[in-house]
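Below: one structure, written as structure tokens.
Since every read-out is calculated from the coordinates, none of them should be taken as a lab result. Computed from a prediction, not measured in an experiment: that's the story for all the values here. Every residue, glycine as well, gets a Cβ built from its backbone with ideal geometry; the counts of neighbours run over all protein chains shown.
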Amino acid sequence: MAVADQLQLNPATPFIQTPLGKNFLRGLGVAVVVAIAAALWMWNQQPEYRVLFANYTDRDGGAITASLDQLNIKHKFSDGGGAILVPADQVHDARLKLAAQGLPKGGNVGFELMENQKLGVSQFLEQVNFQRALEGELARSIESLAAVATARVHLALPKPSVFVREQQKPTASVLLNLHPGRAIDAAQVSAIVHLVASSVPELLPSSVTVVDQAGSLLSDTSRSGAAGNAKNLDPNQLKYVQQLQQSIVKQVESIITPLVGEGNVRAEATADVDFSQSEQAAETYKPNSPPGPTSIRSQQTSEGGGAAGAAAAGVPGALSNQPPSSASAPLTSAPAVPASGGAAAPARRDSSTNYEVDKTVRYEQKSMGGLRRLSVAVVVNYRRVVDAQGKVTIKPLSAAEVAQINDLVKEAMGYNKERGDTYNVANSPFNGVDRPVDAVLVVEWWRDPGNLALAKETGKYLISAVILLYLFFKVLRPMLRPVLRKIDEVSAATPEVDAPALAFAEREPGSAVKAMSAAQDSNARGYRENLTMAKALAKEDPRVVANVVKAWVGTNE
């Protein structure tokens, strides 16, 4: 019977109780179940976030988040708040929309400041804008370093003067704000100093000052730590001492660990490093040893002889000092014998000899960083023995083993007795030796972070599965049950074609019409037989037929 006929036959029946209304409710329920399943699936799917902006200032970060809230774009911060994250499919769209609003603005302005100069600007204002632009460009260049988060540059540019006495050199100051956990070494500080000095005319590197966010002066090259005083060491010297001590500790532990096992040895080293730099020039003279051979540098000898001097005679006075008169006797005559009878004067001989003297010239220059003294302390754990029952017992090392460890430590540290090095090896039980060898500190399962995260994920999927099962068994299945029942009834009432007729139709295609007509005749005969049986039943027992009709009317079928 058609739907319209049913409505005409039962005009007082509500629409929901009609077959069409029931089918509408079933379709609505299926749609609700599908929507809930889709919502659960979307709830379990986490969107993928990408970096929108990083290394932004606090002012730009507040403006960016406010704009994202106005644009209804979900966002979150990375660990530590160093970057703003948005869904991956909205990264480029968000960047373009924020760029249209001029975000991020950045903390520094460069030479773009000179592009919007107003007409009639004074020379002083132009100079100030140029200085601001130069400072901003230098700050941007310094911020490109990996360890630098932000930077500020201050330039002191004096006015040029035609008088040489009044000319002043420019100076610069740089303030660095480093990333958390990052450090900058002396080479990078020197690079920043030369970068600034090369960008400003007549600016000397010694006139550039670099300071970090903690107020530490980084560009001071005049610092020289006193020898042996760790408080006066600069960061590079202190880093060198720490690396030297760690290297010695690693060498000692690596040579002792195979003998006593992993985690059973601890070592510490203290290095006294001399960072003083000295130069010495010496010239030493040593006396020649008498028995040894000598070298003659120079030798000089002079000889001379003369007559004996005559005795003084005559009257004292002026007459005695008169020169002698001219000679009256011939010159070839024999010499006169002195009246006094005195002997001839002896000959004179002078000799001078210069010998070579031993001389040593030494020029010595000591470099900084020499090791003056080294001290090493080593603690070795007792040996642990586990019996068959799993009981742990400890016992000290034997004297031979301790002596062997002492020798190994001595060789690993580079022991030098003349230098004053010391070492000490102690055999003592460590704290917690009663614990079995393979025992591990066990954390309660409900406190384990990995188990908590796994429980959250498992609970999410379990809740989704429970909701879907409830909707299927309590909502969807009862709604589809009448439909499935009708489908079963229709399939049961459909006449079946005889297998011989179907086989005959497959063998002869022209007999398909005959087979279909035979099936319709069989269906008609079955209907007539059922109608005859119903008439006979109504004649024999009318009450049964009346009850059946009442039941049909009550169920609107």
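What the table below lists for this structure:
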{"quantity": "Cα-projected label distance for Ala282 with Asp185, points at 7 Å along beta-carbon direction, nm", "calculated": "3.7"}
{"quantity": "Modelled FRET efficiency - R0 60 Å, Gln404 with Gln168, Cβ distances, 0.05 increments", "calculated": "0.25"}
{"quantity": "Ordering of 380-390, 172-182 by burial proxy (mean other Cβ atoms within 10 Å per residue, highest first)", "calculated": "172-182, 380-390"}
{"quantity": "Protection-proxy order for peptides 135-143, 354-362, 211-219, 190-198, each taking the mean of Cβ atoms within 10 Å per residue, highest first", "calculated": "135-143, 190-198, 211-219, 354-362"}
{"quantity": "Per-pair calculated FRET efficiency, R0 = 51 Å: Val548 and Ile463 via Cβ, rounded to 0.05", "calculated": "0.55"}
{"quantity": "Modelled FRET efficiency - R0 45 Å, Val392 with Gln243, Cβ distances, 0.05 increments", "calculated": "0.75"}
{"quantity": "Linear extension gain, Gln46 paired with Ala426, 0.36 nm per residue minus alpha-carbon span", "calculated": "131.1 nm"}
{"quantity": "Links that overshoot a 25 Å alpha carbon limit, given the list Lys239/Lys366; Lys395/Lys417; Lys118/Lys169; Lys474/Lys550; Lys74/Lys460", "calculated": "Lys395/Lys417; Lys118/Lys169; Lys474/Lys550"}
{"quantity": "Separation in nanometres of the label points that stand 7 Å from Cα toward Cβ, at Glu262 and His154", "calculated": "5.5"}
